[in-house]
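The structure appears right after this line, and notes come after that.
The values are calculated or read from the model by the stated rules, or taken from the named source; none is laboratory data. Quantities reported herein were computed from a predicted structural model and do not represent experimental measurements. Glycine gets a Cβ as well: all are built from the backbone with ideal geometry, and neighbour counts include every protein chain shown.
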Amino acid sequence: MQTVRLGRRIYHNIRNAMRYIISVHVPTAGMAFLPLLLGEPLLLFPVHVVFLEFVIDPACTLVYEAESTDKGAMRRPPRDPREPLFNLRMLAVSLVLGATMLAAVMAVYGWALRSGYPGGETRAIAFAAMVLSNLALILVTLGKPNAPLWWIACGALVALSVSIYVPAAATIFRFSALTPGQLALAVLAAIAGVAWYQAWKVFDRNQGAAVAAGHS
């Protein structure tokens, strides 16, 4: 029984990690190329990509590995051994999730540009939205938050604050200090980009429970 439980936990955690990896790279790639395609100022430089990877890599190797077995794991029927770990439905959902994150970040970036903010502020608010979206994505793709998540989230938030508000670091990142209102907008964008997925998960879980109750 313990072996089956462990196998289901590992399978579930790998799928969540794969969903995260696919989704998180959509806004990263999109914000690297879309501004150029639209004739807008370049948003991401190598230092920004390195920052993002310092969040993404530990999340993949620590956070999802530490996720505990969900309560309903042993109540689910055995999966078909022919079922692939990675299927078209999972790919589609992951890409849509990444696309909504990209749309939210791009909306913030476009709003900052149209509002006439200087380049440093525009870049800082869009990048803050990207980092916060990354953390929000981890939360919604995990079954339950765990200790590695909180360590990574705290580290990312401290590093983001340093990059924006410590002058020497801000110069390297080409940022200018943000106001509380601008930070709040970045938080709202992060939530907006993943909120539908959390709602969909709840709906899907309730539907599954209803079907199981109907067969009992």
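For the stretch 141-153, enumerate the residues that are surrounded by fewer than 21 Cβ atoms within 10 Å (Cβ to Cβ) and within 11 Å of the chain's Cα centre (by Cα). Result: 142, single match. For the stretch 178-216, the candidate set comprises residues that are over 29 Å from residue 164 (Cα atoms) and polar (S, T, N, Q); within that set, the residue that is modelled with the lowest pLDDT is 216. In this structure, is residue 108 at pLDDT 95 or above, closer than 19 Å to residue 187 by Cβ and either within 14 Å of the chain's Cα centre (by Cα) or not hydrophobic (A, V, I, L, M, F, W, C) (or both)? Answer is no for this residue.
Cβ-Cβ distances below 9 Å connect the following pairs, each with a first residue in the stretch 146-167 that is under 13 Å from residue 124 (Cα atoms), a second residue that is surrounded by 14 or more Cβ atoms within 10 Å (Cβ to Cβ) and hydroxyl-bearing (Ser, Thr, Tyr), and a separation of six or more residues or different chains: 164/176.
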